[in-house]
1. Taking the options Ala72, Ala95, Ala89, name whichever one is in a helix (DSSP H, G or I), more than 11 Å from the chain's Cα centre (by Cα) and surrounded by 12 or more Cβ atoms within 10 Å (Cβ to Cβ).
2. With the structure loaded, tell me whether Gly83 is assigned to a loop (DSSP other than H, G, I, E, B) and at pLDDT 65 or above or whether it fails that test.
3. Quick one: is Asn16 at pLDDT 80 or above, out of contact with any helix residue (DSSP H, G or I) (no Cβ under 9 Å at 6 or more places or on another chain) and part of a helix (DSSP H, G or I)?
Amino acid sequence: MAANLCRNHIKKTVNNRNKLSREFNEEQVSHKPDYQRKERIELIRTALEQMHTRDRLILQLYMDGLSYTEMADVMEMNVNSIGKTLSRAINKVSALLKQEKVQ
């Protein structure tokens, strides 16, 4: 039970951090024109929406700077599986972004 409470707390903390991080990143001043920045953000959102929840979550945890051990705890996975899962998620989002740019 204590482990579940810890996992839930970590998930809430990560989700709150992700919200703040996304809002901050969207508000940052960019050297690109505003319409290009908005287009890029929309492409990323579209690509992420097409991904499985597990892949989106591991990318968010990685971007938040969590260690593989922390990611394994949050995702309830073996720590040895995190690297491969993360690599696959990065490859998927990269392929989706390339596909979106072509269309």
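1. Details: Ala95 fails: surrounded by 12 or more Cβ atoms within 10 Å (Cβ to Cβ); Ala89 fails: more than 11 Å from the chain's Cα centre (by Cα).
Only one candidate qualifies: Ala72.
2. Working: assigned to a loop (DSSP other than H, G, I, E, B): no; at pLDDT 65 or above: yes.
No: the conditions fail for Gly83.
3. On the way: at pLDDT 80 or above: no; out of contact with any helix residue (DSSP H, G or I) (no Cβ under 9 Å at 6 or more places or on another chain): yes; part of a helix (DSSP H, G or I): yes.
No; evaluated as a whole, the condition is false for this residue.
The values are calculated or read from the model by the stated rules, or taken from the named source; none is laboratory data. Computed from a prediction, not measured in an experiment: that's the story for all the values here. Glycine gets a Cβ as well: all are built from the backbone with ideal geometry, and neighbour counts include every protein chain shown.
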